[in-house]
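Every read-out reported here was derived from the displayed coordinates using simple, explicitly stated rules and does not represent laboratory data. From a predicted model like this one, the values you see are computed outputs, not experimental measurements. Note: ideal-geometry Cβ built from the backbone for every residue, glycine included; neighbour counts use all protein chains shown.
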Amino acid sequence: MIDPTISEESQVLALSLPPTLRKPRLRRWEASQYLLLVFGLTVAPATLAKYASLGGGPSFNRVNRIPLYPVSELDAWAAARLGRLVGSTSEAAVPG
């Protein structure tokens, strides 16, 4: 079923993901795979565990002891981590 609130590109991408990654919330190892396949970000499950302890990672829910990462939070976190597109290195300079 096509959802008009989601871009066509996102819908095609969602259909091309393995079935284990098409859930609304992902376990830590699935979140790691999702970030790699969708955004090209290599983030190990152990790194996500460290972020969960120290902060700086994507938000998650806990079901008993199991952390579950909502796909929308993974998308937002990855987009923030990637930053904006730049056309040259001078555009990427941090003002200061």
Two pseudo-spin positions, 7 Å from Cα along C-beta at residue 72 and at residue 36, lie apart in nanometres by 2.7 nm
What does the charge add up to near residue 45, with Lys and Arg as +1, Asp and Glu as -1, over the other residues with Cβ less than 13 Å from its Cβ? +2
Low-density loop trypsin sites (Lys or Arg not before Pro), region 22-81, at most 14 other Cβ within 10 Å, DSSP non-H/G/I/E/B, are 22, 65
Work through the residues other than residue 66 whose Cβ is under 12 Å from its Cβ and net out their charges, Lys, Arg +1 and Asp, Glu -1. +4
For region 10-79, give the magnitude of the charge dipole about the Cα centre (Cβ charges: +1 Lys/Arg, -1 Asp/Glu; no others), in debye to the nearest 20. 300 debye
Sorted by chain and number, the residues with a modelled amide H under 5 Å from that of residue 26, at a separation of 5 or more or across chains, are 69, 71
